[in-house]
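In what follows, a single structure is set out as structure tokens and then discussed.
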Amino acid sequence: MNDAFVSSSICPLTQWADVRQPLDFDGYCQHGGYQGAKSALLEHSPNEVLELVKNSGLKGRGGAGFPTGMKWSFVPMFDANDGNAPENKYLVANADEMEPGTFKDRLLLEGIPHQLVEAMIIAAFTIGANKAYIFLRGEYHLAAKRLQQAINEAYQHNWLGDKIQGSTFSLELYVHSSAGRYICGEETALINALEGKRANPRAKPPFPQVAGLFGKPTIVNNVETLSNLPHILKNGVDWFQAIAPESDAGSKIYGACGRVKIPGLWELPMGATLREVLFDHAGGMQDGLTFRGLLPGGASTDFLVAEHLDTPMDYDSIAKVGSRLGTGGLIVLDNKNCPVAMVLNLMRFFAQESCGWCTPCRDGTPWAVEILTRIENGHGKVEDLDSLNKLCDFMWIGKTHCALAPGAVEPLRSALKYFHDDFLEHIEHGCCHYNPTSVAKRTHVATAALKSQSRAMQGGQ
Amino acid sequence: METIDTITIDYQHYLTASEIAAIEHEASIMETREAAGIEALKVVQNHRGWVSDDSLYAISDLLAMPVAQLEGVATFYNLIYRQAVGEHVIHLCDSIACHLTDMNGVLEAIKQHLQIDYGQTTQDGKFTLLSNACLGGCDKAPVMMIGSMHYEQLTPDRAVEILQQLANQELPS
Ligand SMILES: Cc1cc2nc3c(=O)[nH]c(=O)nc-3n(C[C@H](O)[C@H](O)[C@H](O)COP(=O)(O)O)c2cc1C
Ligand code: SF4
Ligand code: FES
């Protein structure tokens, strides 16, 4: 293998990504582009690629961390490459990215669109799909333009279309741009959305791998998950595992936002610790602020605090300390932002984006918003904390059709645990200490009460 | 027997040729016509600013799908407007990263400057103010989107400046 084509072992996915000016077809090929797809289509059978992906240990980067090869293996594997496929199958790249605090896929979509196109050729070939969609969130206008450009170029060079590169495999690839709704990222809701229906999730089973888009076997994978494929094909399974020998295989794009010194994204070997991401890469907290806690992987993950900072950011380690790796994007809380207000903001998002199908979610999320608003504004009661804990139970896994509701519970239940004192203080003092107006109002009321009390006493004398 | 007068409206003539062409293209790449529903709503909204009842009927006619189903889709999405909006629609991100970096200050400045609240349009019809879930620019928060442009690292002053620039822009004639 030509050395120049070996992907950088540290950051294969983002090494050539440039959001100002992404590589065009020629540029991408000069950096080893389409070598992975070439290897798949011309040197391997779909089953061999499936084995490679299984052996690589690649896990889904869309939030749940499900092993990609295993997911693909549920697809009925008749061969679409012999031209006599009994029925179509579909591949969908999930580029809906609407989880607050998550912005990693955008970098790949805007910065290196050809990589996703190549990845989808490999995935579609493996599962035997002749039609593929990129389900893109409506707000990513620049990504839509760049993906379309990359797709056009790929058609021109016969990397898409009929009989790709002289093989027997054909693929049509389309961009579907959505219109802004978080639930569309859930894979069965996404399928309904693509069919032109209201995007409620579907009850499972049947699973999409067997009966998905238009009733046909369908694989939905996250953009970052797919983007690993060209590199696994090009450099092999051993190389992929050697990136992070002690953790889940491969690299991960970690992020950080909130009031840290250098918010951003970094592709690191899977298993970098929270501390490394927060302090070595994000530069720690902004001047004058201290660290309170963080959500390790987007809005729907449990808070972690200082004692957890040495945890490696891989699926098992983060789960062991009671949270989820999710999307790997840290949302960092500082000491001058109110934890109650933070949870209220998150819960409002979930309440707004609930599709309304399941009662615990449809009614529970707005109820939690109402209680949290009351506490934040200084009208909370101690019993409210019990109600919140009960709501966490009502909305937990197994009680709803999709993971939106349990996701909404995660930051809330962990905040109740780690920031219990803050909740109590709001209730006892009847105001939010982080918010000067709230305190002033409270003090004003208190002073007025004192005055009228003393006046009453004077009058009584 | 009494008969009820019915009116048949030919909605094919309501949509322009370029709208129909764009919608037909979308329909051609999906397995069913109704699957082009969202794209069709977006096409019409791009041409007309928002999706009126007439537009909704016209699209459901063209795609041969029930109007109620299309309405269910249209109202489900945050970026389909079922009411008239201003020339520029401001989508200010109110999700967590923007909350932590004081989008509230930006919101107050915008409200003050335009004298409108969320969901309202300025009297001159220039601006409508809406909130938006995370815009995927959390490392450059606070963020707002106007049209296809994302404006990042906002401060109250910079937000007002951007609105002033947009207000002064000549409409392409
Ligand atoms: C409410 C909700 C929203 C989701 N949004 C996204 C999303 O925007 N992008 C994504 O890749 N996965 C999202 N997921 C996860 C998908 O359902 C699915 O698990 C994922 O696309 C699988 O890809 P992977 O196996 O490559 O990780 C969401 C899940 C839920 C419950
Ligand atoms: S949990 Fe919420 S978002 Fe998910 S299906 Fe039920 S109501 Fe819809
Ligand atoms: S939270 Fe505002 S852009 Fe992500």
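Descriptive notes on the structure:
- If R0 equals 30 Å, the separation of the Cβ atoms of residue B:18 and residue B:168 corresponds to a calculated FRET efficiency of about 0.50.
- Spherically averaged projected area of the range A:360-420 from its Cα convex hull (nm²): 3.8
- Ranked by how many other beta carbons lie within 10 Å on average, peptides A:402-411, B:139-148, B:10-19 from highest: A:402-411, B:139-148, B:10-19
- With all pairs of separate Cα atoms included, the range A:246-334 yields a Kirkwood hydrodynamic radius of 12.5 Å.
- Using all pairs of distinct alpha-carbon atoms, the Kirkwood hydrodynamic radius of the range B:11-76 works out to 11.4 angstrom.
- Amide H contacts of residue A:273 (H built 1.01 Å from N, in plane; Pro and chain starts excluded): A:313 sit under 5 Å, all sequence-distant by 5 or more or on other chains.
- Judged by the ratio a/c of the largest to the smallest principal axis of the C-alpha gyration tensor, the range A:186-254 counts as prolate, that ratio being 1.5 or greater while a/b is larger than b/c.
- Compared with the alpha-carbon gap, the fully stretched path from residue A:306 to residue A:359 is longer by 15.5 nm at 0.36 nm per residue.
- Neighbouring partner chain Cβ atoms per residue of B:127-134, average, 10 Å criterion: 4
- Counting DSSP beta bridges with both ends in the range B:88-167, the antiparallel % (nearest 5): 55
- Remark: spin-label model distance residue A:280-residue A:382 equals 4.7 nm, labels positioned 7 Å along the Cα→Cβ axis.
- Farthest positive-ward along the protein assembly as shown dipole, Cα basis, beta-carbon charges - from A:415, A:317, B:17: A:415
- Counting Cβ atoms of other protein chains within 10 Å of each residue's Cβ and taking the mean over peptide A:345-352 gives 3.
- FRET efficiency, 1/(1 + (r/R0)^6) with R0 30 Å, evaluated for residue A:435 and residue A:145 via beta carbons: 0.15
- 10 °C / 1.306 mPa s Stokes-Einstein diffusion coefficient of the range B:88-167, Kirkwood radius on C-alpha pairs, µm²/s: 131
- Kirkwood hydrodynamic radius of the range A:3-241, Cα pairs, Å: 17.6
- Amide H within-cut-off set for residue A:59, under 5 Å, with H built and near neighbours excluded: A:68
- Rolling a 1.4 Å probe over the protein heavy atoms leaves residue A:433 with an accessible area of roughly 90 Å².
- Given charges at beta-carbon only (K, R positive; D, E negative), |dipole| of the range B:11-76 in Debye: 120
- Over all other residues within a Cβ to Cβ distance under 9 Å of residue A:224, the charged ones net out to +2, with Lys and Arg as +1 and Asp and Glu as -1.
- Chain B, Cα convex hull volume normalised per residue, Å³: 166
- DSSP-defined antiparallel bridges as percent of all bridges, chain A, nearest 5: 40
- Tilt relative to chain A, helix A:420-429 - C-alpha long axis, 0 to 90 degrees, to 10: 30
- Peptide A:193-205 - average C-beta neighbours from other chains (10 Å radius): 5
- Stokes-Einstein D for chain A, Kirkwood Rh over Cα pairs, 25 °C, 0.890 mPa s (µm²/s): 104
- Contact order normalised by residue count of chain A, Cα under 8 Å, 6+ apart, percent: 15
- Per the Cα gyration tensor, the range A:133-221 maps to an equivalent ellipsoid with semi-axes of 26, 19, 8 Å, ordered largest to smallest.
- Pairs beyond 26 Å (Cα-Cα), from A:59/A:131; A:71/A:399; A:261/A:390; A:216/A:252; A:145/B:140: A:261/A:390; A:216/A:252
- The sum of -39500 (n - 2.57) across all DSSP H runs of n ≥ 4, divided by the residue count of chain A, sets its helix-only mean residue ellipticity at 222 nm to -13000 deg cm²/dmol.
- Each Cα pair under 8 Å and six or more residues apart adds its separation to the average, and for the range A:3-241 the resulting relative contact order is 30 percent.
- Gain on full stretching of the segment that runs from residue A:54 to residue A:396 - 0.36 nm per residue minus C-alpha separation: 120.0 nm
- Using alpha-carbon coordinates, inclination of helix A:113-127 to the longest axis of chain A, degrees: 70
- Bridging of residue B:126 to lysines at a Cα separation below 18 Å is possible for B:111, once same-chain residues fewer than 8 apart are set aside.
- Modelled FRET efficiency - R0 35 Å, residue B:5 with residue B:47, Cβ distances, 0.05 increments: 0.65
- Taking Cα atoms only, the orientation of helix A:436-460 departs from the longest principal axis of chain A by about 10 degrees.
- Estimated vicinal HN-Hα couplings, Hz - the range B:145-161 in sequence order (Karplus 6.51, -1.76, 1.60; Gly, Pro = x): 10, 10, x, 9, 8, 9, 10, 10, 6, 6, 10, x, 5, 5, 4, 5, 4
- About its Cα centre, chain A has a charge dipole of approximately 1400 debye under the convention of +1 per Lys or Arg Cβ and -1 per Asp or Glu Cβ, with nothing else charged.
- Diffusion coefficient (Stokes-Einstein, Kirkwood radius over C-alpha pairs, 37 °C, 0.692 mPa s) for the range A:282-420: 214 µm²/s, rounded to a whole number.
- Residue-count net charge about residue B:139 - beta-carbon cut-off 11 Å; Lys, Arg +1, Asp, Glu -1: +2
The values are calculated or read from the model by the stated rules, or taken from the named source; none is laboratory data. All values derive from a computational prediction rather than experimental measurement. Note: ideal-geometry Cβ built from the backbone for every residue, glycine included; neighbour counts use all protein chains shown. Heads up: the accessible areas ignore ligands, DNA and RNA and are worked out on the full protein's heavy atoms, side chains in. Shrake-Rupley method; radii C 1.70, N 1.55, O 1.52, S 1.80 Å.
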